[in-house]
Structure formats: structure tokens, C-alpha cells
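Structure first, then comments.
The values are calculated or read from the model by the stated rules, or taken from the named source; none is laboratory data. Keep in mind that what you see is a predicted model, and the values were worked out from it rather than measured. When we count neighbours, we look across all protein chains shown, and the Cβ atoms used for this are built from the backbone with ideal geometry, even at glycine. What goes into the accessible areas is simple: the full protein's heavy atoms, side chains included, and nothing from ligands, DNA or RNA. Shrake-Rupley method; radii C 1.70, N 1.55, O 1.52, S 1.80 Å.
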Amino acid sequence: MEDWVSLGYLLSAALFIFGLKKLGHPRTAPFGNQLGALGMLVAVLTTVLSMELAGDAEWVLIGAGVALGSLIGYIMAVRVQMTGMPELVALFNGFGGAASALVALSEVWRYMEHSSNIPTGNLEITVIMVAAGLSALVGWMTLTGSLLAMYKLKGGVSVFGKWIKTPTWGPPWLNPVKVLLVIAVAVLIYLSIDEPTNTTYLWSIIGISCLLGLVLVLPIGGADMPVVVSLLNSLSGIAAAFTGFIIGNSALIIAGSLVGASGLILTFIMCKAMNRTLPDVLFKSFGGSGEKESLTRTKVGSDPDEVAMMIDGAQKVIIVPGYGMAVSQCQHQVKEFADLIAEKYDTDVKYAIHPVAGRMPGHMNVLLAEANVPYEQLIEMDEINPEFPECDVALIIGANDTTNPAARSGEGPLAGMPIIDADAARTVVIIKRSLSVGYAGVDNDLFYMDKTMMLFGDGKAMMTGLNNAIKES
Ligand code: TAP
């Protein structure tokens, strides 16, 4: 490899690492993101310029690919709603895995065409076939698993105008099937070493890997989806690292390893937040059938004036944001509310942040940072929970599962998940449009407690009403 190419890859790796470091804090995260994107640009330019292309046609092909990919990425990023981000991330994970697996496949193909006279047992063939087999396993599994995860996050798919719900299905016999499929791929990789030109092995590995991605994600539902999305993210990185190994591209190995390692760390953080282990998530199907509980109970709603009167003079208010705040985009009204009561009643205001509130890691932090909420006021669940018994009002805005006391029982999709202890506050105010269930489909006893006031309506409309009522009081 020429010196300038090595330097280009070194620069891109340094940019990835600094970018990752900056992503560790919400304030520096946008800069971290830009560093990462710049690192990718340097890596792509270095790779393209170092390629020995045969003629103009190949340059046109590469240029068209780069332009088309950039355009599609730009349009998707500009058009995506904040609430659609997790689906987009899942889709990108899948594309990342597939891209790596395709590059590995083309390299093996090229190798097969030119190396039919290499004796079997040759170390080079062994290394290439094992790396290509693993890249195919991880890459194709990531593609199908991520596509299914995307449709699970969406809740379903529209076929000719008819909405078909994404199923969650995991009978106990599916677990041995998963193990058998992994063993089958291992055997096929082993066989392909002895017969590297036999393409049946390669196609079989691809087919089984695609199936494996589906059966791994199919039983997972409810509150465990964040774990599986972050695991798939990690797998897309691992597939890239294997491919980098096959084509001898150090930038791909470094970037893939960084994504693989950071994705795995995030997966374990998510598991800890959900009080699960990774094998539990992958083999125990906590998500259940994916069916939502139907509601029979009722509760009379309050109005903003009533809530404003109750908040008048409150010494301590803890705001608990959830997915509904992201849907209604009411973070600015929430910040205005906090400023109002801090100024008018000298109220101590804090925000309780559950690690899986919303639909992506750090979802609430990002929204509240956008509204300029001081970072010091965002308190992690473990730290804020002991403060609820001393809290006058817990104001829950569009959060449901993350406050559901059903999680404290040993059964159901939320079983064992740590929650925000909002029910320990003196009064609970919940803003949401109805009594309907949250993402995991479990009815929430908190709505029906005597100390709970329900403000039925869209988050933004209700917060605006509440702020006006406080200003007029
Ligand atoms: P959820 O349990 O999803 O509940 C959100 C609530 O917001 C809904 O019950 C809904 O009730 C309400 N809502 C929706 N639109 C609203 C609007 N415009 N105005 C006001 N309220 C609105 O929320 P959560 O407590 O944040 O829990 C997150 C869930 O998602 C967890 O189960 C978590 O495991 C899962 N999940 C998380 C992630 C990550 S990484 N954070 C990724 C995937 C899945 P109404 O319809 O009655 O308004």
C-alpha cells in the first residue's frame, strides 16, 4: 500500500475516534457527528483515488454510485421525522451489513475465477473462505434482521393500502432452530474450504443467514426492541470489519471494529437498563405475542386550569418525558413551563430521564437539549428515583411504559424493567391523548390512582394550555 493511502486511512481512523469521543456528551455530539462524517469522506476519497480503474467507464460507474448514494442518504436524512429516526437507523444498519456482505461476495467471486488451480488446504484459501463465510453470516443476518426490526418499530407495513401488523412470534422450539442454523453455517464454511469453487456452499450460507436474521428478531417485541436494534448496529460493524479483512482495507477494519465495539457496549448498557441479559433478550422472548391489552377501565380527565391551580406553590416538580413528547414536539413548551414555575413559585424543577424513554438511546436528552434545557437538570433514573417521595408533582408528558408499575411484577412484556418511580410523588399529572397502552402494550395502573390527574390531549396543546393557565393565575 502506498504511503499516502496509509496516511489517508490513518487520518480517517483518527477522525472516527475523536468523533466517537465527542459523541459522548450532548453538547459536543453534533461536532462529533461532523468529525465522523468527515472521516468517512476521507476514507471514501482515499479508496477511490487509490483504485486502479481500467478506463472512463469504471470512473463513471464509481462516480454515479457515489452521487446516487449521497443523494439518497441526503433525501432520507432531510425528510425523516424525529420520531422516524429509530426506523431509519435500523434500515441503515441493514444496508451496512448487506453492503459489507456484497463486497466480500464479489471479492470471493473474483478469487474463485482466478484461483481454480490453487490446491485445497492452502492457508490463503482457508483464511478467505472463513472470513467470507463469517462476513456473509453476519452481513445477511443483519440485513434481514434489521428490515424486520424496522417494520416492528413502525408497527406494520402497508400492502396495497391494507395495514398488516408486524408479527411477534416465538414458540420455544425456535431456540434450538436458531442454534441449528448457526451450526449449519459453520459446517458449510468448513466444507467450502475444501471446495472453494463450489458456489452451492456460498449460496446456502447466504440463504441460511437471511433466515437466521428473521428468526432472531421475530420473537423479540415490546420493550426489548432497543436492545436488538443496538445489537444489529454492532453486527453491521462486525460485518464491515470482516470484509475489510478480506479486501485488505485497514480503514474498513478500524471503522467496522469501532462500530462493532461501541454497538456492543450500547447493547449491554441497554440490557442493564432493561434488567435483562443478552441471552435473555435473544432466547426468552419477553416481548410476548405483541398483542396490546384491551382497556375496560375509565378515568375522568382534568383541565389545564385545575392542574395550574394544583401546581401553584409547588416546591418540587419532576418532569418525566416520554415518546409522546417526541411525537407532539412539545419540548419548547415544556422548557417554558419549567422556567415559568421556577420564576413564579421558585419551584425546584428537574427532569427524570429513563434510558429507554422514546424510541432511541438519548432521545429525550436530544429533544430537551434542542430546547436549551440545562444539561444539569436532566437526571438519570437511578439518581432521581429516591427524590420522588419528596416531590410535590410528577408531570408525565407522553411517557407510559417507562412509568408503568406493572414492570415491578414478574410477568408480562415489561417484567423486571426498572421504571421511573413517578407513582411515589404526592400528585401525578399525566399528559397523553387517551388511556391507551404504550409501546409494550401493557395497561398502566398509574392512570387510575386517586392521586393521578389525567390531562387528555396532544402534548403541545396541553402544555400550551397549562402555561397560559399558569400565566393567568
Ligand atoms: P411509550 O410507552 O411508547 O408511550 C408513549 C405514550 O405517548 C403513548 O401511550 C401515547 O398515548 C402517548 N402519545 C403519543 N402521541 C402523543 C401526543 N401527540 N401527545 C401526547 N401523548 C402522546 O413511551 P415511553 O414511556 O417513552 O417508553 C418507550 C417505550 O419504547 C419502551 O417500551 C421502550 O422499551 C420502547 N423502545 C425504546 C427505544 C429506545 S432506545 N428508547 C427503542 C425502541 C423501543 P396516547 O396514544 O394515549 O396519546
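Accessible surface of the range 118-200, 1.4 Å probe: 73 percent of it comes from carbon and sulfur atoms. The C-alpha atoms of the chain define a longest principal axis, and helix 56-79 lies at about 10 degrees to it. Taking 0.36 nm per residue of sequence separation and removing the Cα-Cα distance, the residue 49/residue 198 pair yields an extension gain of 50.2 nm. Working note: Cα gyration tensor of the chain, eigenvalues times five, square-rooted, sorted largest first, giving semi-axes of 48, 26, 18 Å.
Which order do the peptides 153-161, 320-328, 362-370 come out in when sorted by mean C-beta neighbours inside 10 angstrom, highest first?
Details: 153-161: 11.2, 320-328: 25.7, 362-370: 20.9.
Those peptides, ordered most packed to least, come out 320-328, 362-370, 153-161.
Computed from phi, the 3J(HN,Hα) profile of the range 337-351 under the Karplus parametrisation 6.51, -1.76, 1.60 (θ = phi - 60°) reads 4, 4, 5, 4, 6, 5, 6, 6, 10, 6, 6, 7, 10, 9, 10 Hz, with x in place of Gly and Pro.
Computed packing ranks the peptides 438-445, 458-465, 197-204 as 438-445, 458-465, 197-204, most packed first, by mean other Cβ atoms within 10 Å.
What whole-number volume per residue, in cubic angstrom, does the convex hull of the C-alpha atoms of the range 84-233 give?
Dividing the Cα hull volume of the range 84-233 by its residues yields 118 Å³.
Averaging Cα coordinates gives a centre for the range 202-241 and one for the range 119-181; these two points are 5 Å apart. Judged by the mean number of other Cβ atoms found within 10 Å, the most tightly packed of the peptides 212-219, 391-398, 346-353 leads the ranking 391-398, 212-219, 346-353. Checked against a 23 Å cut-off, the cross-linked pairs 154/432; 165/460; 335/460; 22/432; 152/299; 154/299 give Cα-Cα distances beyond that limit for 165/460; 22/432; 152/299; 154/299.
The phi torsions of the range 232-237, fed into the Karplus equation with coefficients 6.51, -1.76 and 1.60 and a -60° offset, translate into couplings of 5, 4, 4, 5, 5, x Hz, rounded to whole numbers, with Gly and Pro shown as x.
For residue 302, the residues whose amide H sits under 5 Å from its own are 454, 455, 456, ignoring neighbours fewer than 5 places away on the same chain, with H placed 1.01 Å from N.
Between the amide H of residue 433 and those of 457, distances stay under 5 Å, these residues lying 5 or more places away or on another chain, with hydrogens modeled in the peptide plane.
Please give the per residue accessible area of the chain, computed with a probe of 1.4 Å over protein heavy atoms only, in Å².
Details: 22660 Å² over 473 residues.
Per-residue accessible area for the chain comes out at 48 Å².
Any idea what the dipole of the range 28-145 comes to, in debye rounded to 20, about its Cα centre with Lys/Arg Cβ at +1 and Asp/Glu Cβ at -1?
Working: 2 positive and 7 negative charges, 75 e Å.
The calculation lands at about 360 debye.
Remark: relative contact order (the chain) = 14 percent; criterion is Cα-Cα distance under 8 angstrom and separation of 6 or more residues. Could you please state, rounded to a whole Å, how far the C-alpha centre of the range 26-105 is from the C-alpha centre of the range 396-473? Centre-to-centre distance over Cα atoms comes out at 40 Å.
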